[in-house]
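In what follows, a single structure is set out as structure tokens and then discussed.
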Amino acid sequence: MILGHYANTYVAHNLLKRYNIELNLYLLIFGAYLPDLIDKPLNIFFHLPGRGIAHSVVIQALLFAPLIYILPRHKKFFISIWSGCILHLIQDAIAIYIAFWPIVGDLSDHRRFSIAESFYSYYIEMKYPYTLLTEAVSFIIWGGILLYKWLPEWRELAEERVKIRDGD
């Protein structure tokens, strides 16, 4: 869900702003990718689960809660990243035994992560159709965000070109 994590986190950021919850968008997006940035390399190099340590709310709490408490001046920084991590887990629809590892269960998925294999099983074989649907919806949202952001600028550029042509 490369596009999905970005698009959904961006939408969540805008919803949070409506309720006067101000988080740093860039740190929120970084946090939305952080669990995979940690767990995927651990899987590739050390054969740990691809959804493992960094996908656990318990481990995240053990990391971020002390940082927020010890460094109160940087509270918004750490809360923004942690919120992104939580959004990642929600978007991944993470299993309870993974989300609350090591309290609830064990990380039994020890397959090596393969981009090609994942692409094939998710998109070609459609082994997990909900993931394909989620990615398609996220792609549409991502496209909408880009159009919403860039269309006004494109209109202004087109209007300037028309003014220049009319002035010649």
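The values are calculated or read from the model by the stated rules, or taken from the named source; none is laboratory data. Computed from a predicted model, the values in this text were never measured in an experiment. Heads up, the Cβs are rebuilt from the backbone with ideal geometry, glycines too, and the neighbour counts pull from every protein chain shown.
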Considering ILE68, ILE38, ILE44, ILE94, which residue is assigned to a helix (DSSP H, G or I), β-branched (Val, Ile, Thr) and in contact (Cβ under 8 Å) with a residue 40 or more places away in the chain?
ILE44
Can you name the residue in the stretch 64-84 that is hydrophobic (A, V, I, L, M, F, W, C) and under 26 Å from VAL11 (Cα atoms) and, of all such residues, is surrounded by the fewest Cβ atoms within 10 Å (Cβ to Cβ)?
ALA65
Can you pull out the residues in the stretch 8-34 that are among the small types (Gly, Ala, Ser) and closer than 21 Å to ALA136 by Cα?
ALA12, ALA32
Looking at (1) buried (at least 18 other Cβ atoms within 10 Å of the Cβ); (2) modelled with pLDDT under 90; (3) under 15 Å from the mean Cα position of the chain (by Cα), which is the one condition that is false for GLY52?
(3)
Members of the stretch 1-38 found to be among the β-branched types (Val, Ile, Thr), over 10 Å from the mean Cα position of the chain (by Cα) and either surrounded by fewer than 16 Cβ atoms within 10 Å (Cβ to Cβ) or modelled with pLDDT under 90 (or both), listed by number:
VAL11, ILE21
